[in-house]
Structure formats: structure tokens, C-alpha cells
1. Hey, can you find the accessible area per residue of the chain for me, probe 1.4 Å, expressed in square angstrom?
2. Tell me the GluC sites (Glu not before Pro) within region 68-169 that lie in a loop according to DSSP and have at most 11 other beta-carbon atoms within 10 Å.
3. Would you mind calculating the relative contact order of the chain from Cα pairs under 8 angstrom and at least 6 residues apart, reporting the percent as a whole number?
4. Hey, rough spin-label estimate for Thr180 and Ala220, points 7 angstrom out along Cα→Cβ, what's it come to in nanometres?
5. Mind putting a number on the dipole of region 1-120 about its Cα centre? Charges go on the C-beta only, +1 for Lys and Arg and -1 for Asp and Glu, and I need it in Debye to the nearest 20.
6. Show me the trypsin sites (Lys or Arg not before Pro) within region 157-228 that DSSP assigns to loop and that have at most 11 other Cβ atoms within 10 Å of their Cβ.
7. Test of understanding: what is the full-extension gain from Asn99 to Asn112, defined as 0.36 nm times their sequence separation minus their Cα-Cα distance?
8. Too long at a 32 Å Cα-Cα cut-off: which of Lys19/Lys235; Lys70/Lys146; Lys20/Lys222; Lys10/Lys151; Lys10/Lys166; Lys46/Lys166?
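The values are calculated or read from the model by the stated rules, or taken from the named source; none is laboratory data. Keep in mind it's a predicted model, so treat the numbers as computed, not measured. Cβ placement follows ideal geometry from the backbone for every residue including glycine, while neighbour counts extend to all protein chains displayed. Note: areas computed on protein heavy atoms with side chains; ligands, DNA, RNA excluded. Shrake-Rupley method; radii C 1.70, N 1.55, O 1.52, S 1.80 Å.
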Amino acid sequence: MWQSNILISKDFNKDNALKKGLERVEGLYFAEGGDEDWISFDVASKDFDKDRCESAVKEIICDVILNNIKLRYILSSIGRRKIDSSLCALISSMLYYDNDREHEYVLKQISNLKNYCIDGIVNFRLRQIVEEWQELGNILSSTLAKGYGEKEIYSLALYMLGDREKTSLFIADSKEILITNVSQGGLVNVPEIYPDKSHNIINAIVKYGASEVVIERGNADKDLLNALRNLVDVKIL
């Protein structure tokens, strides 16, 4: 049987993203423990599931670091400022800027680990890219200090996104966020990193570099539609 342990501080796990990710892995067993400051997950799988489950755990750790923890560093520069849809688009464009390089780098840093202390990985092994995240936060703060309006902020978000492939996403009318990649087939993983459902939808559009969104009318509230139309071509069913 394959076994491992994951340790994460409650400061880095406020949205419980790590546990939610582990719950989605078929054939993975885990037990949760901890104290007032830390959460620990003992994870295990049967030998014939070892390679798949170990790979999935590494990907989940990567996702938590590059979605939730990176966002935390970026947001630390703007304090308690309210996040509207245009600011969400700009923050998300920064969040996934150079994402492929960062994903490869994080996986390399954790590839030989048998157990995982997330805080130690971030604070020591990933010190170089954490400094880059802090710089992104500084750029965000100085940008907002210039008093740009909604249109300018969306323009900056589009600039950060750069060229995008022709990717069409379908957003279903559902209490949960269900987004299908029409171009490639299958549901996409939607990180729930914002408190607001609409902001998580905007974040997913940015993350997957969509050029077109098809949305069911029940999901098409005015603010979300305005945001999507500033980012992609929109079709309403």
C-alpha cells in the first residue's frame, strides 16, 4: 500500500481546497487531523492505484499552491478593497500569467518528496516564484492607485491574457459551477477561490483562455454578462 502525509497551515487552507481536491480522487483514502494551527492529511491507496493516486496528489498540491496560495499573495497588496468583476478579471489574469512555467517548476520541486509540508514548500523551495507573486501584487496595487475605470481594467486584463486559442466553453444553468470545454470535450476543473460564484466563473474563463462562452440564460445575470462580454465572445441559449 502507498502512503503519504500532507501538512498545511490553516492560514494557507482557509477555503479547504486541499480536502476538496483529495475527495475527488478515485481510489484514494485519507484521514484528516490537526490542531488549532495546522491540518494534516494521511493519504493512502492500494498498490495498483499508487502511480495514479500519487500523481493526482501532486497535481492537487500544485493546484492549491498556484490557485489559492498565489492568489493570497497577490491580494495581500490591496488589503480589504472590494473585488468587482473587472478587478476579478485583472487579478485572475495575473494569477495565470506564466502558469505553464510555474506549474512545471512546482511539480519539479515536489517530484521527489514522499511527504508534503505545503508551507515549507512555498516558503523555501518556491521562494523564487513567491517573490514574483509579491511583485505582481505590487503591480496590482500601483495600477489601482492610478484610478483606472472599468474599461481600462478590462483592457489591462486582456493584455495580460495575451493571445488565446479558439476555445469555446459552455456554462450550464446550475447551482454548482458546471463548465464544459466544447472544443476539447469534458467538464473543466473550476477552482473555487473567490466567495462569489460569478467571480469563479470569470476566473475559469481566464484560466482556460476561452475565446468564446456559451451560457444558459438562467446563469446570465447582468453583471456577469457585462464581464464576459468584455473578455470573450458571448452566446446566450
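1. On the way: 12570 Å² over 237 residues.
The answer is 53 Å² per residue.
2. Taking region 68-169 and a limit of 11 other Cβ atoms within 10 Å, the loop GluC sites (Glu not before Pro) found are Glu165.
3. Values: 318 pairs, mean separation 45.6, N = 237.
Dividing the mean separation by the residue count of the chain yields 19 percent.
4. 1.8 nm
5. Numbers: 17 positive and 21 negative charges, 76 e Å.
Here region 1-120 has a charge dipole of around 360 debye.
6. Details: sites: Arg164, Lys166, Lys175, Lys197, Lys207, Arg217, Lys222; in loops: Arg164, Lys166, Lys175.
Sites meeting the loop and neighbour criteria: Lys166, Lys175.
7. Working: separation 13, 0.36 × 13 = 4.68 nm, distance 2.14 nm.
Going from the current span to full extension adds 2.5 nm.
8. Values: Lys19/Lys235 35 Å; Lys70/Lys146 24 Å; Lys20/Lys222 30 Å; Lys10/Lys151 37 Å; Lys10/Lys166 39 Å; Lys46/Lys166 40 Å.
Table pairs above 32 Å Cα-Cα are Lys19/Lys235; Lys10/Lys151; Lys10/Lys166; Lys46/Lys166.
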